[in-house]
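Beneath this line is the structure, given in structure tokens, with notes to follow.
The values are calculated or read from the model by the stated rules, or taken from the named source; none is laboratory data. A quick note: this is a predicted structure, and the numbers were derived from the prediction, not measured. Positions of Cβ are generated from backbone atoms using ideal geometry, with glycine treated the same way; all protein chains shown enter the neighbour counts. Heavy atoms of the whole protein, side chains included, go into the accessibility calculation; ligands, DNA and RNA do not. Shrake-Rupley method; radii C 1.70, N 1.55, O 1.52, S 1.80 Å.
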Amino acid sequence: MAFYETITVMTKSKSKNQSNIIWGFFSTVKLTIVLLIILAIVSILGTLVPQEQGAAEFARRLNPAMLQIFTSLDLFDMYHSIWFRVLIGCLAMNLIICSMDKFPATWKRFIARPEPDRTKPFDNLPPEQSFLVQGTPEETANKVNKLFQSRYKKIREKEVGANRFFYGEKGSYSLFGVYFVHLSVLLILVGSLAGSFFGFDAYVNILEGEQIDTVMLRKAMNPLNLEFTVRCDKFTVDFYENGAPKEYRSDLSFLVKGKEVAKKSLLVNHPVEFMGITFYQASYGSAPGKTVRLKISRNTAEPTVTDMRVEAGKSTALPGGEGKFKVIDVREDIMKMGQAVLISVQPDQGKPVDFWVFKQGKMALKMLPEPMLKSPKFNPSAFNPYTFFLDGLETKFYTGLQVNRDPGVSIVWIGCFLMIAGLFVTFFLSHNRIWVHLLKTDQGMKISAAGTANRNPVGLERELEHLTRDLKGLFGKKG
Amino acid sequence: MLNSIILSYTTFVYFAAFMFYLLAMVMNREILARIGTVASLIGLLAQTVAIILRWVESYTLGVGHAPFSNLYESLVFFAWTIMLLYMIVEWRTKNRTFGTFVTPLAFLAMAYASFSPNISSQIQPLIPALKSNWLISHVITCFFGYAAFALSFGFSLMYLLKRLDNQKRNNIFLQLIPGRSILDDLNYQMIVVGFLMLTLGIITGSVWAHSAWGTYWSWDPKETWSLITWLIYASVIHSRMVRGWKGKRIAILSIIGFACVLFTYFGVNYLAGLHSYAS
Ligand code: HEM
């Protein structure tokens, strides 16, 4: 009969003779259950009270006294608060101390070799687990021994009078499954700590064709210098027929000390890594570029109109050669009147003349208040004999990148893998101990098989069924 | 589209299966339960075909993706996993009374998907962030976990009902429910399977979030609720494995756990977050 041994019986000893109160407190699984439930409740709270970015709106609706309580308890960023970390710390202590507390007993069970002639497993043995075969005791024992060698570990054999006993076991490694699960929880915690101490979380927008060497840290809102330069060579976005975005793609070049070292394509869900820093495609947008398209008419006896593409900030000669001009400000939308540029003309002699030029000049004329219209600042013909027209700004895409370094992440993944493996072992494998008893009787050799398991009694029953069938097979009996 | 038509018929087939299972217990007629099994099998088969059709149709529409990407598709998949797991349990235990408690869950999921005015059965194109094999494994593992917890919820209800059974009452319905130790064992097995799947689901979800957003854990409400569910079931497993709790207490804890599963799935829609089903 398979009987179900509980390990707890054997593992009580250590914590009793440990007089240390802290050890005693942290070595109980009662504490584990309490901590797990407290963490669950606290996390529920965290989903009800808006955290971080969402918190400002919520905070405005609280009265001052409540606000005081909420902020002093760090309820708006509770997952990073001291008390939440203390809770996690207690869980980790619990995990470590409990595992240390129980490990010696597990180890003992792992190396133990129970007596082959134990009778307790055979109490209440169902009749189908015993059968008779013909043969001498020696022959029978040899055959059983051979089968045991091929199937079990830590085999022991003993002869007592007309009895012969065999012991063997299977799956003793599964005793450690639960330690792997617990170790994996610790690894995940260590990995996330490592990430928060030695990593960073930043973002940057790069205009197509431009390059950056600093990124903005999210938490501290400080710029951070990278040891290299990233250039966005090209940004593309594809759309479905219904207008929803299908794919974003940034073609990036990485430069170290001005030298191009790598070219990589970045897509959503396909981050790229360079020198330990990972880039993610997070967003995109368009921004006015630095290139401005202007129409410049020269209203003399022979009027001319010139189309020009000029870069903001660069001085360009006037078409008639009376001096130079440059675009000193570019606005995508100014006072809801659309695109506009601020132009500064520097004549060969005299003072510079600055004025705004609107793309929708006529509309601007209607919308501007009277005094402003009079001001030369808003007159596109302020510099005689020229009139400036703005054809448009060449807008450019920028790509929005999430920029991270997280040295803890591989530890977290190792922890996750270990957790799955450990859970699998803990749940589906068990330590089966098997005894076989041979007894010489008048009708022949009587063979009985019995066993114990630390868990999964159904699995043990199946194991015993298979064993009995194969034992019968050895002696030419049909299973 | 053909797939949503088949799926709405499947809803009725599951309802019929539920009715047969229920009547079989009320009237104590085994033959009705057998019809229930046949109906469940037909429903499961039709639903499998419809899901595959939907997958194929999404490719003919030029937006090809696995059919697990919006609330409609996830509800359909949820019902499918419940029925699949249930059929396995019925086949392994040779007992059809579980059907009365499990098929209504699959029916409700299908009915909600097919008849709620807020849920569109259209095949929608995927935004770039959702195009990931990790996301597919995330959805599959999560829903097998949810389905195992749904079955465990059904077994827990049966356990609590069975406690009312006694000689004096002589109620056929209660007598037909299997014995308490069988229910307790099955309940625990489902919790264990569900926990393993939920763990895998959370991990695959983190891997996906890490490749899409650069962070494997961001405490968004859906993530946090899945962690809450995980913590609850972890404490159930410890109470049982280490402290030896059985029966009624585990049944009640399992019902609480399933409430958390439902909140993770639906309730979170009322809290803001990243997850696509939330919008
Ligand atoms: C999350 C943090 C966790 C903590 C703090 C924790 C803590 C503990 C403690 C203190 C014990 C020892 C009980 C005893 O033998 O008296 C224990 C045992 C156990 N834990 Fe955990 N645990 C955690 C997670 C898990 C998880 C996720 C599982 C997976 C199901 C798990 C499975 C087990 C099992 C199966 C045992 C029994 C070990 C045995 O049979 O000897 N634990 N845990």
Between A:Ala262 and residues 5 or more places away or on another chain, the pairs with built amide H atoms under 5 Å apart involve A:Phe254
Pop the C-beta distance of A:Leu217 and A:Ala112 into the FRET formula with R0 = 56 Å and round what comes out to the nearest 0.05.
-> 0.50
Protein chains only, probe 1.4 Å: how do B:Met241, B:Met158 rank by accessible area, largest first?
-> B:Met241, B:Met158
Helix B:30-60: inclination vs chain B longest Cα principal axis, degrees, rounded to 10, gives 0
Simple SL model, points at 7 angstrom along Cα→Cβ for A:Arg60 and B:Asp185; separation in nm is 6.1
For region A:328-479, what is the accessible area per residue in Å² when the probe is 1.4 Å?
-> 50
In a Gaussian network model over chain B where Cα atoms closer than 10 Å are linked, find which of B:Asn170, B:Asn187, B:Asn269 has the largest mean-square fluctuation.
-> B:Asn170
Using a basic spin-label model with each label point 7 Å from the Cα along Cα→Cβ, how many nm lie between A:Ala162 and A:Asp333?
-> 10.2
Between region A:407-479 and region A:228-305, the alpha-carbon center distance in angstrom | 62
Heavy atoms of A:Tyr284: accessible area, 1.4 Å probe, square angstrom to 10 | 70
Counting only protein heavy atoms and using a 1.4 Å probe, what share of the accessible area of the protein assembly as shown belongs to carbon plus sulfur, as a whole percent?
-> 62
Mind running the shape call on chain B? Use the C-alpha gyration tensor, a ≥ b ≥ c as the square roots of the eigenvalues: rounded below 1.5 for a/c, prolate if a/b tops b/c, oblate otherwise.
-> oblate
Probe 1.4 Å, all chains present, heavy atoms only: A:Met221 accessible area in Å², nearest 10, is 100
Selection from B:Gln124, B:Ala39, B:Thr97, by position along the positive dipole direction of region B:3-137 (Cβ) = B:Thr97
Treating only Lys and Arg (+1) and Asp and Glu (-1) as charged, each at its beta carbon, one finds that region A:326-431 has a dipole about its Cα centre, in Debye to the nearest 20, of 300
Can you tell me the dipole magnitude for region A:167-231 around its Cα centre, using point charges on the Cβ only (Lys, Arg +1; Asp, Glu -1), in Debye to the nearest 20?
-> 280
Residues losing 20 Å² or more accessible surface upon assembly, region B:191-208, compared with the chain by itself, 1.4 Å | B:Val192, B:Phe195, B:Leu196, B:Thr199, B:Leu200, B:Ile203, B:Val207
Heavy atoms of B:Trp230 accessible to a 1.4 Å probe, total area in Å² rounded to 10 = 40
Could you check the simple spin-label distance between A:Lys374 and A:Lys257, using points 7 Å along Cα→Cβ, in nm with one decimal?
-> 6.3
Once A:Arg156, B:Arg240 are ranked on solvent-accessible area with the largest value leading and a 1.4 Å probe, the list reads A:Arg156, B:Arg240
In whole angstrom, note down how far apart the Cα centers of region B:29-94 and region A:172-207 are.
-> 37
Complex-versus-alone comparison for region A:418-450, residues with a loss of 40 Å² or more in accessible area, probe 1.4 Å | A:Met419, A:Ile420, A:Leu423, A:Phe427, A:Phe428
Ignoring ligands, DNA and RNA, the residues of region B:219-247 whose accessible area with a 1.4 Å probe is reduced by 30 Å² or more relative to the chain alone are B:Trp219, B:Thr224, B:Trp225, B:Ile228, B:Trp230, B:Leu231, B:Ser235, B:His238, B:Met241, B:Val242, B:Arg243
How much accessible area per residue does region A:21-101 have, in Å², with a 1.4 Å probe?
-> 55
If R0 = 25 Å, then A:His270 and A:His80, at their Cβ-Cβ distance, give a FRET efficiency to the nearest 0.05 of 0.25
Kirkwood Rh and Cα Rg combined as Rg over Rh, evaluated for chain A | 1.28
Restraint check, A:Lys170/B:Lys94; A:Lys102/A:Lys143; A:Lys102/B:Lys162; A:Lys351/A:Lys374, Cα-Cα greater than 27 Å = A:Lys170/B:Lys94; A:Lys102/A:Lys143; A:Lys102/B:Lys162
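So if R0 is 30 Å, what FRET efficiency would A:Ser150 and A:Val34 give, r being the distance between their Cβ atoms, rounded to the nearest 0.05?
Working: r = 48 Å, r/R0 = 1.59.
Once rounded, the FRET efficiency stands at 0.05.
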Which of B:Ala17, B:Phe263, B:Pro178 sits closest to the plus end of the dipole of chain B, meaning its Cα is farthest towards the positive end, when Lys and Arg get +1 and Asp and Glu get -1 on the C-beta?
-> B:Pro178
Work out the charge dipole of chain A with +1 on the Cβ of Lys and Arg and -1 on the Cβ of Asp and Glu about the Cα centre, then indicate which of A:Ile21, A:Leu439, A:Thr304 is farthest towards its positive end.
-> A:Leu439
B versus A: buried accessible surface, summed, Å² (probe 1.4 Å, to nearest 100) | 3800
Please tell me which of these pairs span more than 29 angstrom C-alpha to C-alpha: A:Lys30/B:Lys168; A:Lys263/A:Lys290; A:Lys234/B:Lys131; A:Lys336/B:Lys131; A:Lys234/A:Lys362; A:Lys264/A:Lys295?
-> A:Lys30/B:Lys168; A:Lys336/B:Lys131; A:Lys234/A:Lys362; A:Lys264/A:Lys295
Mind checking the dipole of the protein assembly as shown: about its Cα centre, +1 per Lys or Arg Cβ, -1 per Asp or Glu Cβ, Debye to the nearest 20?
-> 2260
Could you provide, to the nearest whole Å², the per residue accessible area of region A:131-290 with probe 1.4 Å?
-> 53
